[in-house]
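Here is the structure we will look at.
The values are calculated or read from the model by the stated rules, or taken from the named source; none is laboratory data. Treat the numbers as computed from the prediction; the structure is a model and nothing was measured. Note: ideal-geometry Cβ built from the backbone for every residue, glycine included; neighbour counts use all protein chains shown.
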Amino acid sequence: MPVDVIMPQMGESIFEGTITKWLKKPGERVERDEPLFEISTDKVDAEIPAPSAGVLKEIKVGEGQTVPIQTVVGVIDTDGKTSAPAPAKTEPPKPAAVETTPAPPPASSRATAQAPVAATPAARVDGEKVRSSPLVRRLAKEHGIDLAQLCGSGAGGRISKKDILAAIETGGAAAPAATLPATGRAPTAPAAPAAASGVPGGQVHIALESAVPRQRMYFGHYEVQPMNVMRQRIAEHMLASKRVSPHVYSIDEADMTRIVEIRERTKAEFEKRHELKLTFMPFFIRACIEGLRAFPMVNSSVDGTNVVLHKEINIGMAVALDWGLIVPVIKNAEEKNFLGLQRSVTDLAERARNKKLKPDEVQESTFSITNPGVFGGLMGLPVISQPNVAILGLGTIQKRPVVINDAIAIRSMVYLTLSYDHRVVDGAIAHQFMHKVKTALENWNENVL
Amino acid sequence: MAQVTFLEAIRQALFEEMERDPTVVLLGEDVGVYGGAFKVSAGLLERFGWERVIDTPISETAIIGAAVGMSYAGLRPVAEMQFIDFIACCFNQLTNFVAKSHYRWGAPVPMVVRGPSGGGVHGGPFHSANPEMYFVHTPGLKVIYPSTAYDAKGLLKSAIRDNNPVLFFEHKFLYRRIKEEIPAEDYTVPIGKAAVRREGRDLTIISYAAMMHTSLEAANLLSKEGIEAEVMDLRTLYPLDREAILASVRKTNKLLVVHEDTRTGGIAGEIAAIVCEEAFEDLDGPILRVTSLDTPVPYSPPLEERFLPNAEKVAAAARELARF
């Protein structure tokens, strides 16, 4: 049956739209709600989902053309044959998105082989709808189980909670604990279980997900600015991080007077000797390394019910850019001396601003530091950069009256804020970690030259 | 500890609160000399005198009007409806005035309206009502409907001490049929907290008031067939204990709501909506209801039996749900 694809009305005052890109070619299969084409109107740019599943039969309005709303721009044949080889029946085609999620474990053949309830999959006639429940569908998704492979014991052959639990029990889900090495360095990143994947990849279009109906955003005078790719990735990442990690925030302060003095005293000589500006960042990194060594849980990642304790200390360092934000990583920071840290900090920040970073230089951080203080912020409560479990925020260093031995003194103080993932880091550990960092800063005794 | 009836527990709560706080007064039809139509207030006039135990004319609007005035004057009135059916006479006063007084004029109304409710005693269409949902739907009112003697006493005390208007429904079927030991010393039961009366893994039955006992009876029948139902007693209908409801559904994944109130617009619908909104992906079956029929309460005993839920009807729905 042919189904018309129309130019949708994207807002009350929108009367026409321009097709900027077709995401499918004629003859290609498309699933219902899968992005089919991209449009640009005078208000928004958006991906338009397919109105139904089938094969894209015809494109009537080509890229770059502007047509009134409700115009038929293409036709989908709901029972058409693909001109390309059809994709595997149980595997929905990947959406045409930039990023891909690690594929969930394949439709579990183990469940078919072992689960007693799955012993007679032939009982379901081909094409018959799988009857289950919201709970069953959620569990199936979490454990990567193909419901079509199970037989239900509920009323009318429905797959019930009991059936799916039995399938999980008998090995429908490959437990992550069994497949991952407990320690050591994984040669390649293991495929994360679906439930634990931090960033949902190209499936979620942040630009299209709004808290209020979009019509309510457009009023008065305004300008619409499409998010660049980096902005979209940041939006996705932040949303995913807040959703996955229960954030807790702890605040401490450190007396930086001693370090400020050291820096004042040595910065001219440091620059002359190494042709490198002396900043505060390596002091903070050094102090964090001490804290992370003492509390390895803060230097970890969470994979489902496993905690991945990293043996390296790789410090992610948030760098603000005119067009966004990026977190380059100082690898093996614990093996570098003070000069080496300063060199890495300067080098990475500079190359971040010049768009010269390599992809592997923004990966594999184990802990992050962000510095709202450079913009004069007293303190900030950052969002965890995944897959870390904690991020340290540095406030601005400023002179404040402080009580020392019942006398008021003027000291250079800094607020330290730690955002951490309460799934694995408790307040007790976080505060001890912060105290370690603070102590390291206040009792600095390393020669920086 | 002595065995105390549901009715005696309520009488004790009134007695002890009047003893504790001189601003608590009781007013209603025949609450004084006669001791109340069901003897809930027996002995109160003798102890506290006619100024605090007030026999009123047969006018529910006069009772509520006087109670509002008393509230404004600094008292904590407990207004009795001889049968809760007649609270309908005061619908305007309660929903337009009592419920909004604090909101609109900053004048709190710390009153309790209480009275015998519910069917199953062949009281007919004018003496068997369950009018709780009119008031659950009205922002500004709290609504309590206990099922045990312990809760009746503890919740009535909480209601009297609460600074908001509270409607307190006393299922008359329970008055002399429910007996339990309750502590002699002062205690309260918090408003807005449900209680799990029976733990179970296969499905949750949510109920309140007389139907809580019916649900427990059904759960015992089911247990013999290998179906373990969790029975939850709401105790307070507004504010509703959403956390407890969701926690139980997340545990058993199946939900049956049982109430004696009629079906359309009963609290089962609200609970079903909450569960669908908050715990859809925890459901392993449809949310079912066992309720009274959408008719007035019949006078004829066989018809009333047909009209009301009973343990067998609850068990039948639970079996269907367990099998799903």
Q: Residue by residue through segment B:245-267, note down the ones that are closer than 25 Å to B:Gly118 by Cα, touching a residue at least 40 places away in the same chain (Cβ under 8 Å) and either surrounded by fewer than 18 Cβ atoms within 10 Å (Cβ to Cβ) or away from chain A (no Cβ under 14 Å) (or both).
A: B:Ile245, B:Leu256, B:Val257, B:Val258, B:His259, B:Glu260, B:Asp261, B:Thr262, B:Gly265, B:Gly266, B:Ile267
Q) Inside segment B:284-317, can you point out the residues that are in a helix (DSSP H, G or I) and either more than 15 Å from B:Val231 (Cα to Cα) or within 14 Å of another protein chain (Cβ to nearest Cβ) (or both)? A) B:Pro301, B:Pro302, B:Leu303, B:Glu304, B:Glu305, B:Arg306, B:Phe307, B:Glu312, B:Lys313, B:Ala316, B:Ala317
(Q) Out of the residues in segment B:273-283 meeting the condition of being crowded, with 17+ Cβ neighbours inside 10 Å and farther than 9 Å from A:Pro134 by Cα, tell me which one is farthest from the other protein chains (Cβ to nearest Cβ). (A) B:Val275
Q.
So for segment B:229-242 (the condition being within 25 Å of B:Phe168 (Cα to Cα), within 14 Å of chain A (Cβ to nearest Cβ) and assigned to a helix (DSSP H, G or I)), does at least one residue qualify?
A. no
Q | Odd one out for B:Arg323, checked against (1) crowded, with 16+ Cβ neighbours inside 10 Å; (2) within 14 Å of chain A (Cβ to nearest Cβ); (3) of a type in the set (Lys, Arg) | A | (1)
Q | Filter result (touching a strand residue (DSSP E or B) at 6+ places or on another chain (Cβ under 9 Å) and surrounded by fewer than 17 Cβ atoms within 10 Å (Cβ to Cβ)) within segment A:309-318 | A | A:Leu309
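From the set of residues in segment A:128-147 that are away from chain B (no Cβ under 14 Å) and modelled with pLDDT of 85 or more, which is farthest from A:Asn306 (Cα to Cα)?
For segment A:128-147, the residue satisfying everything is A:Asp146.
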Q. How many of the residues in segment A:373-389 are out of contact with any helix residue (DSSP H, G or I) (no Cβ under 6 Å at 6 or more places or on another chain) and within 21 Å of A:Val425 (Cβ to Cβ)?
A. 7
Q: Check whether at least one residue in segment A:319-328 is farther than 29 Å from A:Tyr249 by Cβ and surrounded by fewer than 16 Cβ atoms within 10 Å (Cβ to Cβ), and report yes or no.
A: no
**Q.** Hits in segment B:84-98 (condition: surrounded by fewer than 20 Cβ atoms within 10 Å (Cβ to Cβ) and touching a Phe, Trp or Tyr at 6+ places or on another chain (Cβ under 9 Å))
**A.** B:Ala88, B:Phe91, B:Thr95
Q.
Can you say whether B:Ser215 is away from chain A (no Cβ under 14 Å), farther than 23 Å from A:Ala155 by Cα and out of contact with any Cys (no Cβ under 7 Å at 6 or more places or on another chain), as far as the supplied structure shows?
A. yes
Q. Restricting attention to segment B:12-61, which residues are of a type in the set (S, T, N, Q) and out of contact with any Cys (no Cβ under 6 Å at 6 or more places or on another chain)?
A. B:Gln12, B:Thr23, B:Ser41, B:Thr56, B:Ser59
Q) Got a number for residues in segment A:396-438 being without any contact (Cβ under 8 Å) to a residue 60 or more places away in the chain and either small (Gly, Ala, Ser) or not in a strand (DSSP E or B) (or both)? A) 7
Q: Within segment A:329-347, track down each residue that is buried (at least 16 other Cβ atoms within 10 Å of the Cβ) and closer than 20 Å to A:Pro387 by Cα.
A: A:Val329, A:Ile330, A:Lys331, A:Ala333, A:Glu334
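Report yes if some residue within segment A:8-20 is at pLDDT 85 or above, assigned to a loop (DSSP other than H, G, I, E, B), touching a strand residue (DSSP E or B) at 6+ places or on another chain (Cβ under 8 Å) and farther than 21 Å from A:Ser210 by Cβ; otherwise report no.
No: zero hits.
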Q: Check segment B:21-38 and report whether any residue there is more than 23 Å from the chain's Cα centre (by Cα) and charged (D, E, K, R).
A: yes
